[in-house]
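Each reported figure results from applying straightforward, stated rules to the coordinates on display, with no laboratory input. Not measured: the values here are computed from a predicted model. Every residue, glycine among them, receives a Cβ derived from its backbone with ideal geometry; neighbour counts consider all protein chains shown.
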Amino acid sequence: MQTRPRLASSAIVERDGRFLLVRRRNPPAADLFAFPGGRAEPGETPEETAIRELFEETGLQGRAASLFETVELLPEDGLAESHFLLSVFRVEAPTETVAVADDDALEAGWFLPEEIAQLPVPDSVRACVERLVRGDEAG
């Protein structure tokens with residue numbers, strides 16, 4: 001029986017060539033660095049999920065979310081306990097606000113693409129960063 005994927009969203013925030021990543025507290029992606037994000041709540045649009053999760057995990061008040069990519073995460077990938085459809089958004093956030101890890105995030109930081117290449121990150125994050133560095137904005 002085919003089940004519908006669960007919905008999740010994440011937020012890409014960039015400042016001066018650095019990308020905001022959080023280190024996950026909980027399985028299945030525990031201790032991996034990723035864009036702030038998580039599961040949709042009932043009635044939320046994907047954009048609302050990305051903005052809410054960004055705020056919950058970092059304290060940043062996001063705005064102007066624009067869809068960057070949609071990624072299908074399968075249990076076989078090892079990073080999802082069930083089938084997810086992840087909407088990844090570029091999100092703007094006030095530059096004067098400091099990102100502080102909270103909720104599911106153990107830590108939050110701003111990383112250059114070459115630093116991200118050395119971190120433990122999901123393949124989907126690595127692929128998004130590579131596209132961003134190339135300037136490939138089309139989903």
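Of note:
- Helix 46-58 axis, angle to the chain major axis (alpha carbon atoms, nearest 10°): 60 degrees
- Distance in nm between pseudo-label sites at ALA127 and ALA30 (7 Å out along the Cβ direction from Cα): 2.6 nm
- For the chain: relative contact order, % (alpha-carbon pairs under 8 angstrom, 6 or more apart): 31 percent
- What the Cβ-Cβ distance of GLU115 and HIS83 gives, at R0 = 22 Å and to the nearest 0.05, is a FRET efficiency of 0.10.
- Modelled spin labels at THR95 and SER66, positioned 7 Å past Cα toward Cβ, are 1.8 nm from each other.
- Over the range 22-97, Cα pairs under 8 Å with separation of 6+ residues give a relative contact order of 25 percent.
- Angle in degrees between helix 123-134 and the longest Cα principal axis of the chain, rounded to the nearest 10: 40 degrees
- For the range 112-119, Karplus couplings with θ = phi - 60° (6.51, -1.76, 1.60), whole Hz, Gly/Pro x: 6, x, 5, 6, 4, 4, 9, 8
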